[in-house]
1. Within the range 119-148, count every residue that is surrounded by fewer than 16 Cβ atoms within 10 Å (Cβ to Cβ) and out of contact with any strand residue (DSSP E or B) (no Cβ under 6 Å at 6 or more places or on another chain).
2. Given the conditions (1) in a loop (DSSP other than H, G, I, E, B); (2) without any contact (Cβ under 8 Å) to a residue 40 or more places away in the chain, and given that residue 228 satisfies all but one, which numbered condition is not satisfied?
3. Find all pairs meeting these conditions: Cβ atoms under 6 angstrom apart; at least six residues apart or on different chains; first residue within the range 157-183 and within 15 Å of residue 196 (Cβ to Cβ); second residue in a helix (DSSP H, G or I) and modelled with pLDDT under 90.
4. Which residue is surrounded by the most Cβ atoms within 10 Å (Cβ to Cβ), if the candidates are limited to the range 75-118 and must be under 17 Å from the mean Cα position of the chain (by Cα) and assigned to a helix (DSSP H, G or I)?
5. Evaluate the range 214-224: report whether one residue or more is on the phi < 0 side of the Ramachandran plot, surrounded by 13 or more Cβ atoms within 10 Å (Cβ to Cβ), out of contact with any helix residue (DSSP H, G or I) (no Cβ under 8 Å at 6 or more places or on another chain) and at pLDDT 90 or above.
6. Any chance the range 32-44 includes a residue that's touching a strand residue (DSSP E or B) at 6+ places or on another chain (Cβ under 8 Å), within 23 Å of residue 124 (Cβ to Cβ) and surrounded by 14 or more Cβ atoms within 10 Å (Cβ to Cβ)?
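The values are calculated or read from the model by the stated rules, or taken from the named source; none is laboratory data. Since the model is a prediction, treat every value here as computed from it, not as a measurement. Note that each Cβ is placed from the backbone with ideal geometry, even for glycine, and that neighbours are counted across all protein chains shown.
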């Protein structure tokens with residue numbers, strides 16, 4: 001169930017807010033552990049501040065009784081039911097559910113509530129340390145590090161399937177990874193649930209604002225939209 005929130009007045013408003021499923025294990029790096037956004041936000045303050053305004057940040061709230069009532073009712077769900085402890089729903093409203101270091105219903109961490117940094121970028125305990133090490137080396141000696149080193153530690157750069165797992169997991173979906181439990185929020189229920197990754201990855205109300213990177217890491221892999229985002233990115237502190 002993915003209530004990853006609203007994007008202003010766009011059709012993505014309810015799509016980000018109401019999707020039911022568990023994250024596909026095929027796209028989870030089981031060898032890596034989640035760290036929580038507190039560790040990420042220590043360095044990426046501007047990105048974190050922007051993310052806090054998105055629907056992804058408020059994803060778990062949309063599972064509460066009374067939230068998104070009209071959309072739930074339209075999909076045949078009980079709008080007065082609290083789904084925040086329903087394991088069929090929680091996976092797409094928190095970070096790393098069911099994975100090492102990830103969100104636990106019985107012992108929730110506020111730093112794993114919502115669709116946070118690691119939901120898209122991968123479990124970060126190992127690559128976060130590498131980020132800090134590489135940044136220190138860059139500042140002191142101007143030395144860069146191959147981006148592949150981050151991949152080897154679990155960071156994702158082509159994270160489309162991580163998005164699809166919470167937005168295209170319905171019966172008859174064009175996404176090959178779709179499987180039960182399917183979301184009841186499909187384009188047949190409402191056209192608002194149509195998901196186009198290339199379109200919505202560019203919407204900062206859904207994601208977060210992008211800021212100029214210092215060039216600490218070099219080389220492949222890079223998402224196809226990396227240069228486009230960097231060309232339009234704000235300088236750090238310029239939000």
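1. Of the residues in the range 119-148, 13 are surrounded by fewer than 16 Cβ atoms within 10 Å (Cβ to Cβ) and out of contact with any strand residue (DSSP E or B) (no Cβ under 6 Å at 6 or more places or on another chain).
2. Evaluating residue 228 over (1) in a loop (DSSP other than H, G, I, E, B); (2) without any contact (Cβ under 8 Å) to a residue 40 or more places away in the chain leaves (1) as the failure.
3. What qualifies is 161/27.
4. The selected residue is 118.
5. Yes, that holds for at least one residue.
6. no
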